[in-house]
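Participant: Submitted below is the structure of interest, expressed as structure tokens.
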Amino acid sequence: MAQKSTTESNQDVVDILTADHREMIGLIEMIEETSDPKERRALADSVIAEVMRHSVAEELFVYPEYERSIPDGKDEVEHDKEEHQEIEEVMKELEGLDSESAEFIATVKRFKELLDHHADDEESDQFPKMREHLTADTLVDMGRKVEAAKKIAPTRPHPGSPHSELFHMTLGPGVGMVDRLRDALSGRIKNT
């Protein structure tokens with residue numbers, strides 16, 4: 001039997017995505033709690049990058065399997081993609097706002113509401129269905145794929161881009177590379 005790499009995760013995709021939700025909501029709450037505009041901007045940039053990585057990984061590896069394996073999965077995935085689009089549009093708006101403005105705070109609040117709703121849908125309805133219909137090995141394998149995808153995914157919103165597996169597989173890595181280069185050059189976010 002082959003030894004597993006010490007960096008290889010044995011966490012299943014449901015646990016990974018749930019932890020992502022907690023982290024993203026936590027970052028938004030930190031934005032709401034601070035009065036420092038520079039910290040607000042840095043936190044907003046971080047949460048935007050995390051949401052983008054998470055969304056792209058879901059669209060690449062979770063949604064296709066969900067459509068194949070879960071009854072009525074295709075309709076649920078279409079709904080999720082619509083929510084991703086709405087969240088991405090709000091993130092793009094947030095990127096262009098002055099972090100000292102009232103509009104920035106209002107947009108952060110709207111962002112949090114959308115993200116809370118999306119996470120709740122997944123955690124209360126879709127994740128239990130995945131545990132019911134998919135094997136533990138499949139969920140762990142999906143978790144590994146999601147973690148790998150998050151490392152190359154875009155870190156900035158691109159609301160004009162399709163939310164499709166084909167786009168993310170062919171052009172997504174290039175978009176992600178350009179985003180990470182822009183992040184490094186601008187100092188936007190660290191450790192991307």
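Participant: Looking at 99, 124, which is the one that is of a type in the set (S, T, N, Q), in a helix (DSSP H, G or I) and either closer than 18 Å to residue 17 by Cα or in contact with a helix residue (DSSP H, G or I) (Cβ under 6 Å, 6 or more places away or on another chain) (or both)?
Facilitator: 124
Participant: May I ask you to verify whether residue 85 is out of contact with any strand residue (DSSP E or B) (no Cβ under 7 Å at 6 or more places or on another chain) and modelled with pLDDT under 95?
Facilitator: Details: out of contact with any strand residue (DSSP E or B) (no Cβ under 7 Å at 6 or more places or on another chain): yes; modelled with pLDDT under 95: yes.
Spelling it out, residue 85 is indeed out of contact with any strand residue (DSSP E or B) (no Cβ under 7 Å at 6 or more places or on another chain) and modelled with pLDDT under 95.
Participant: Out of all the residues in the range 59-72, which are modelled with pLDDT of 95 or more and within 21 Å of residue 114 (Cα to Cα)?
Facilitator: If the condition is that a residue be modelled with pLDDT of 95 or more and within 21 Å of residue 114 (Cα to Cα), then 62, 63 are the ones that fit.
Participant: Right, residue 91: assigned to a helix (DSSP H, G or I) and touching a Leu at 6+ places or on another chain (Cβ under 6 Å) or not? Explain how you work it out, then say what you get.
Facilitator: Details: assigned to a helix (DSSP H, G or I): yes; touching a Leu at 6+ places or on another chain (Cβ under 6 Å): no.
In short, no.
Participant: Determine which single condition residue 31 fails, assuming it passes every other condition in (1) surrounded by 21 or more Cβ atoms within 10 Å (Cβ to Cβ); (2) modelled with pLDDT under 95.
Facilitator: For residue 31, the failing item is (2).
Participant: Can you tell which of 67, 82 is free of Cβ contacts under 8 Å to residues at least 60 places away in the same chain and touching a helix residue (DSSP H, G or I) at 6+ places or on another chain (Cβ under 8 Å)?
Facilitator: Values: 82 fails: touching a helix residue (DSSP H, G or I) at 6+ places or on another chain (Cβ under 8 Å).
When all the criteria are applied, what remains is 67.
Participant: Restricting attention to the range 9-20, which residues are surrounded by fewer than 20 Cβ atoms within 10 Å (Cβ to Cβ) and either at pLDDT below 95 or in contact with a helix residue (DSSP H, G or I) (Cβ under 9 Å, 6 or more places away or on another chain) (or both)?
Facilitator: First, the residues of the range 9-20 that are surrounded by fewer than 20 Cβ atoms within 10 Å (Cβ to Cβ): 9-11, 15, 18-19.
Across the range 9-20, the qualifying residues are 9, 10, 11, 15, 18.
The values are calculated or read from the model by the stated rules, or taken from the named source; none is laboratory data. Everything quoted here is computed from the prediction, not taken from an experiment. We place every Cβ from the backbone using ideal geometry, glycine too, and count neighbours over all the protein chains shown.
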